[in-house]
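These notes concern the structure reproduced below.
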Amino acid sequence: MIRLLDLSKLNEAYETEFINILADHIRSSEFIAGNSVLRFERDFASYTASDYCISCANGTDAIEIVLQSLNLDSGDEVIVPAMTWISTAEAVCRQGLKPVFCDVDNSLLMAPEMIEPLINKNTKAVILVHLYGNPSNAESVHHFCQDNNLILIEDCAQAQGARSAYKHVGNFGIAGTFSFFPGKNLGALGDAGCIVSNSPTVAANCRQIRNHGQTKKHHHHHSLIGRNSRLDSLQASFLSSKLKYLDKDNQRRRDIADLYIKTIPSRYCLPVSAQHHVYHQFVLLMPNRDNFVQYMRSHGIETAIQYPSGLPFMDVFLPYLGSGDLYPNCAQFQSQIVSIPVGPHLTDDEVGYVQHSLTSYFRGS
């Protein structure tokens, strides 16, 4: 079976380096904070060309911490895309804010013209998700938020290394949040996350919130209710090690995607206009999805549906919906999306086999 994701193969190249890193941490007893965390924060800030990087325990915490840092009022509205992982809207709810769902365009992203009708006096922020590693709408949404006095937060959980207009994602808004879940383009060997920002105020607030609201170590200076959301030192070292190879791995993803795009009829592919899409997933829109999935499985190729339900169609979010809310694009696309294998874990022979299988399928469809 050609796997959608093979963590063993992804991390195999780093195994010796990881073992040495583990041995170093055992000898130094550096497990929480310390030089390795500071080093990763410096490395990632430099890589993204951001002024500040604040590490934390995971990508969901990162979104919540940013929202808390902004001191919004209970009931304030935050616009989020209808098509994304639950964390984006979940974080809004957990901060006592109201998620307002925005339908997506044909690239499965929010666009300014879709956001505009949702704005009212309670709207304070927009969370733009670079879904599947695609930063296509970053610049236009950034300008739209500026023109409408809205705070822009970027959910970059799937977009490490993605750029638009020669700027790394996370730098268009007040802050960008990242997940380093093991399956991400830059993945830890456990949970991990971070925030990047060019605002000294937001950065300082986030740094305080992620460590119990503390301003000084061991001195009981807690000026607000924070949380325990620190990045493990060991994971920080793993991430610094893998960061050196991220651009090469992302280029491999783009190369594979280019081959697929040449193979698949354009009507089944998501439109791509970003200069530096990093293809966390390669997603097709297949009206006959079940037939396609069965065909690929019969040929030993794994597929996945990411995500089978748009957020407005989940029961948990029903209390936040209005009676007239409609999400026609999301409703259509959630029944069509399907991911096929992409990533540096694939060999040339495997990519060639997937291409051949795709050619055969579309020739017969």
Let me check against my output: what whole-number percent is the relative contact order of the range 7-243, with C-alpha pairs under 8 Å and at least 6 apart?
26 percent
Out of the DSSP beta bridges found with both residues in the chain, what percent are antiparallel (nearest 5)?
55 percent
Candidate aspartates and glutamates - alpha carbon under 20 Å from Lys98, same-chain residues fewer than 8 apart omitted
Asp61, Glu64, Asp73, Asp76, Glu77, Glu90, Glu116, Glu154, Asp155, Asp315, Asp325
Per DSSP H run of at least 4 residues, take -39500 (n - 2.57); add these up for the chain, divide by its residues and hand me the 222 nm value, nearest 500 deg cm²/dmol.
-11500 deg cm²/dmol
Which residues' amide hydrogens lie under 5 Å from the amide hydrogen of Val100, considering only partners 5 or more residues apart or on another chain, with H built in the peptide plane?
Val78, Ile79, Val80
For Ala157, enumerate residues with amide H under 5 Å from its amide H, sequence gap 5+ or separate chain, H modeled in the peptide plane.
His130, Ser179
Net charge of neighbours whose Cβ lies under 14 Å from the Cβ of Leu72, counting Lys and Arg as +1 and Asp and Glu as -1:
0
Sequence of Arg363, Arg254 once ranked by neighbouring C-beta atoms within 10 Å, starting from the fewest:
Arg363, Arg254
Sort Ile153, Ile225, Ile2 so the one with the fewest other Cβ atoms within 10 Å of its own Cβ comes first.
Ile225, Ile2, Ile153
Dividing the alpha-carbon radius of gyration of the range 160-214 by 2.2 N^0.38 Å (N being the number of residues), what value is obtained?
1.26
Nothing charged except the Cβ atoms of Lys and Arg (+1) and of Asp and Glu (-1): what's the magnitude of the dipole of the chain about its Cα centre? Round to the nearest 20 debye.
440 debye
What order, most packed first, do the peptides 202-211, 32-41 have when packing is the mean number of other Cβ atoms within 10 Å of each residue?
202-211, 32-41
Amide H of Ser164: which non-local residues (sequence gap of 5 or more, or other chain) have their own amide H closer than 5 Å, using H built in the peptide plane?
Val169
Starting from the 7 Å offset along Cα-to-Cβ, what nm value, one decimal, do you get for the label separation of Asp147 and Ser266?
2.7 nm
Label 7 Å along Cα→Cβ of Thr347; the range 1-35 residues with amide nitrogen under 17 Å?
1-13
Per its Cα gyration tensor (rounded if a/c is under 1.5, else prolate when a/b beats b/c, else oblate), the range 7-243 is best filed as oblate
How do Leu326, Leu358 line up, fewest other C-beta atoms within 10 Å first?
Leu326, Leu358
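Computed from the coordinates by the stated procedures, all read-outs in this text should not be read as laboratory data. What you see is a predicted model; the values in this text were computed from it and never measured. Cβ coordinates were reconstructed from backbone atoms using ideal geometry, including for glycine residues, and neighbour counts include every protein chain displayed.
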